[in-house]
Structures are given as structure tokens and as C-alpha cells.
Amino acid sequence: MSTADKFKKVIAHAKEYGFVFQSSEIYDGLSAVYDYGQNGSELKNNIKRYWLDSMVKLHENIVGIDSAIFMHPTVWKASGHVGAFNDPLIDNKDSKKRYRADVLIEDFVEKINQKINKDIAKAKKRFGDAFNEEEFRSTNGRVIERQKKIDEILNRFKTAMENNDLAEVKQIIIDNGITCPVSGSKNWTDVRQFNLMFDTKLGSVSEDADIIYLRPETAQGIFVNYLNVQKTGRMKLPFGIAQIGKAFRNEIVARQFIFRMREFEQMEMQFFIRPGEEDKWFDYWKDLRMKWHKVLGLGEEKYRFHDHENLAHYAKAATDIEFEFPFGFKELEGIHSRTDFDLSQHQEFSGKKLQYFDPELNESYVPYVIETSIGVDRMFLSVLATAFEEEQIKKENGKTETRTVLRIPPALAPVKAAILPLMKKDGLPEKAREVLNELKYDFNCQYEEKDSIGKRYRRQDAIGTPFCITVDHQTLEDNTVTLRYRDTMEQERVAISKLNSLIDEKVNFKNLFKKIN
Ligand code: ATP
């Protein structure tokens, strides 16, 4: 099955099993806006809890806040979003499709990169253990040529963006013969800048009203509250403020399902530090955030760092944690060394001092900031797309059958356990409800008595429930049940009194946290 086909299946499955619906579907939907269904919202909440707890529970010096979506309009002038939160866009005249010029260029570069990777894979096969990748990269003519081309394009693009030279950005597209993925033509319009912020009006009389923006990131709510939190919480540097909340961007090209949405949710943490310590803390957060991802067990090879060539106006260093989505490696999370840019800007625009008095140094200064920023929805997509599997299994009669299973990390699974009476009689439903009542205070459980046990197992596999608990006649005699594991489909007989600890062992965040702490 091609990755495109698999991705289509994931999207269909997300809808069929109550994970993600298109917004306003009965009105034919609203582009790039989605709703989360009964299972999707559970998964999303678990992701958010995993993130927030890892920040505030595991760090004595990180606290959480919840700031408003609407902010004073000057915030966005200070942050640079009014002037610089633009994407360079370009239209193809034949297909009438609109693209981000930077994405067209990046995709083109990635194609060259893939060719290099193919060359490397081939050589690796040929030379076996003796293969030295570094040496190959620096001596193989074809690879050197391709790498040179990549570097040239990226450097040219970086300079063009720094100089705000949009004609040059178009020229890069022309010179490299980049074509429209839909029409295949090179018939491009000029490149224009497009501001991504949504605006609306505050107040009831629109003529008098001020324009305000729907926040395009949650970070500014943290910056403007940094002194409130520092003072009321008596925080000492270094300390962090974490927040989860909605953000809005009028994305030019909204595609790839929930990867790029116009309304989405971010989990951001700003870590305030002494100037001069930014390199140390940048490395610390890079390392920790990568661990946070990897312990989930989706596959270590699915993550990689991508350092930014084209730094944002405020940044000293920036890297992305990229994940291998069904459509290739793409940004999942950003880690940014933002210097004192934001706080200094707010100090200047508000006229209020935002300095921190450092008792150890006996001096005041504006702290530097390291930021970690991840989209909840992208994280959701990374989990869902990787978890989805169509597995061929051999039945007892020798025939094969397809089992659709979501191998969601148990700690994130929407439903942790399904309690299933084998039959709808002989007191089995009553006994099963007793089991449910034991477990429901600790875990999100489902009770199901309709259809054959096999069908019920399949339905739970399809939503990623790690445990199925079957209550049968033996249960009435000895208080044991059949515990079935989602991933292996193995079954074992266990005492009802053991269920809680068995499930907890697999689904409690604690065991993941211990691996990263
Ligand atoms: P991209 O280059 O993909 O547009 P970005 O660099 O603009 O992303 P940031 O401003 O660094 O993204 O935002 C931090 C995180 O928020 C991203 O890593 C991503 O997970 C998430 N995010 C950003 N834009 C969107 C969006 N339109 N839809 C869903 N998630 C998003």
C-alpha cells in the first residue's frame, strides 16, 4: 500500500471511529477546520496532560497559566506579528492553486536530499560493514554535486528572505524549474506577502471599534504575564511558564488533514534564563523534548532534528523536531532560542519595566528565553498515523483476515479497558458492571455487551483500547477474568483484584516520565 493510500485510510478511519470530523460537515465543511469526536477528544486530552504534567510536575521551576485569546492590539506590533508574520505566496496561473513559495522550495530541496539518501542506501548495501557514510558524502562526485546544489538554493533563499526580495524568491523557483504539483506547469505569478493573522472588532459599535487579533501563537500571553507570575510565585531564574491553548492562522495552503489548520492548539513553554546561558539551556531542552517524544515508542527512527537556516527575526538559534508523517518528514515541534527579543519589545512598546532583579548577581536585566512549541493537533496526527495498522492474521480455519488496529501508546489511548460480558444472561452483565465499577474511577472504560465477543474485540482494536476484559461463567465461580492484550491478541486469566495494578502499570504516565527524568 502506498503511503498516500495509507494516509487516506487513516483519515477515513479517524472519521468512522469518532476521532476527527470536518467542522460543519452538514454544510459541506469549513476548510482547514476540524472537530474532535468522542475518541479524538480523549486522545487529545491525554496528549495535553502528558505534555503539561511533564512540564509542571517534573520541574519544580515550571508553572502553568491560561491566558486569554484576545490581547491588546499593541502586543502584536511589539511581537512583530503585525509587520512580519507573513508568508510569501505564489499562484500557479494554470491550476489556479496557491502555494507558499518557501514550501515549494523546501519540497524541491527535500527531493534532492532523497536522491542523496538513495545513493547512500545503495552504497551501504554494496560495501556492507566497511561503509563509511561521512567518507562517502565527502568523496562521491554525484553526492557532492547534489549537496552543493542544496546549499546554493538554501543560501540564495535565505538571503532573499533577509532582504525581503520577493522577485528573487520567484527567480529561485524559475531557475530551478520548480513546477506546480497539480498542473505540472511553470506558469507562476509574482510572489506576494500575506499576513496570517485573523482580525475582528472589539466592542458593540463596529465603527468605533478597535481591530483586535485572534492570537496566532500562545507565547505572547506568557511574555506579558512573566512578571506577574515571577512576582506572585516568587520565582527565581531560571524558571518556565507553560500554557496550552488555541491559536489561529489564516494559512494560505491548508492541506494534509489536521497537519495545517486555521484553528489549532499549541503547547508552549517559555523558559526564562540569565543572558549568556542560552546555549546550555537550548541544548538541555532539545535533548529533553526529544526524549519526551521517543519514550512513547512510536519508533526512534521517526524523529530527527532540523536546524533552521533561515532564522526568524528574533532568534539566535532554532531547531525543529521533525516527524516522519505519511507525507514525509515535517515539523512537529519547534525549539527556539529567542534572546530577550520579546520582553525587550514589550518593555519598549508598553513603557513598563520588565526586568528581573537577580539577587545572586545583584543586578537587574531582561531575561533571555528558550521556547519549546508544539502543536497538539500535529502530535495527534503523528500518533494516529503511526498507530494505524492493517494486520493480516491467520484464522483457525486457515484463512487470513485483516485486523485494523490502532497501536496507540497505552498511556494516550482514549479508552484504557473494555469490559465485556461473554453473554447477555446468567448474571454475566451484572458481574461485568461490578468490574467496571472497580475500574472506572481510575481509567476511562467502556462497557459493551452487543454482538459476538470477536466483533467487540475488533471494535476495541480499531479505537486502540489496550485491554479487553471478558467476564464469563468461570468469573462467577472464582473472580477471574480473561484479559486480552490489543497488540499481541494474547489472552490470560487474571484475578479481578489484580486488574487495576496490571492496567495502571501500562497506562500511567509515571512509567514514561521515569524514563525521561
Ligand atoms: P510551519 O513552518 O509548519 O508553518 P511554524 O514554523 O510556523 O510551522 P511555529 O510558529 O513554530 O510553526 O509553531 C509551533 C508549532 O505549532 C509547530 O511546530 C506546529 O506543531 C504547530 N503549528 C503551527 N502552525 C500550525 C497549523 N497551521 N496547524 C496545526 N499546527 C500548527
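The values are calculated or read from the model by the stated rules, or taken from the named source; none is laboratory data. As the structure is a computational prediction, the values presented were derived from the model and not from experiment. We place every Cβ from the backbone using ideal geometry, glycine too, and count neighbours over all the protein chains shown.
The table for this structure:
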{"quantity": "Those residues of segment 280-312 which are acidic (Asp, Glu) and in contact (Cβ under 8 Å) with a residue 60 or more places away in the chain, in sequence order", "calculated": "309"}
{"quantity": "Output for segment 355-382, where each listed residue is of a type outside the set (Ser, Thr, Tyr), touching a helix residue (DSSP H, G or I) at 6+ places or on another chain (Cβ under 9 Å) and either modelled with pLDDT under 95 or in a helix (DSSP H, G or I) (or both)", "calculated": "376, 377, 378, 379, 380, 381"}
{"quantity": "Matching residues, segment 62-84, being within 24 Å of the chain's Cα centre (by Cα) and not in a helix (DSSP H, G or I)", "calculated": "62, 63, 64, 65, 66, 67, 68, 69, 70, 79"}
{"quantity": "Among residues of segment 1-20, those that are under 22 Å from residue 42 (Cβ atoms) and under 18 Å from the mean Cα position of the chain (by Cα), counted", "calculated": "5"}
{"quantity": "Tally, over segment 254-297, of residues that are among the aromatic types (Phe, Trp, Tyr), in a helix (DSSP H, G or I) and either in the same structural domain as residue 191 (by TED's automatic domain parsing) or in contact with a helix residue (DSSP H, G or I) (Cβ under 9 Å, 6 or more places away or on another chain) (or both)", "calculated": "3"}
{"quantity": "Residue that is nearest to residue 366 (Cα to Cα) [pool: residues in segment 217-236 that are out of contact with any helix residue (DSSP H, G or I) (no Cβ under 6 Å at 6 or more places or on another chain) and within 15 Å of the ligand (Cβ to nearest atom)]", "calculated": "222"}
{"quantity": "Residue tally, condition out of contact with any Asp or Glu (no Cβ under 8 Å at 6 or more places or on another chain), outside any helix (DSSP H, G or I) and more than 16 Å from residue 342 (Cβ to Cβ), over segment 85-107", "calculated": "8"}
{"quantity": "Evaluation of residue 251 against (1) among the acidic types (Asp, Glu); (2) in contact with a helix residue (DSSP H, G or I) (Cβ under 7 Å, 6 or more places away or on another chain); (3) at pLDDT below 95 (one fails), failing number", "calculated": "(2)"}
{"quantity": "Residue list for segment 324-367, restricted to those being over 16 Å from residue 271 (Cα atoms), within 13 Å of the ligand (Cβ to nearest atom) and charged (D, E, K, R)", "calculated": "330, 331"}
{"quantity": "Residue among 341, 327, 323, 380 that alone is in the same structural domain as residue 55 (by TED's automatic domain parsing), among the hydrophobic types (A, V, I, L, M, F, W, C) and over 30 Å from residue 487 (Cβ atoms)", "calculated": "341"}
{"quantity": "Which numbered condition residue 320 fails, given (1) at pLDDT 95 or above; (2) more than 16 Å from the ligand (Cβ to nearest atom)", "calculated": "(2)"}
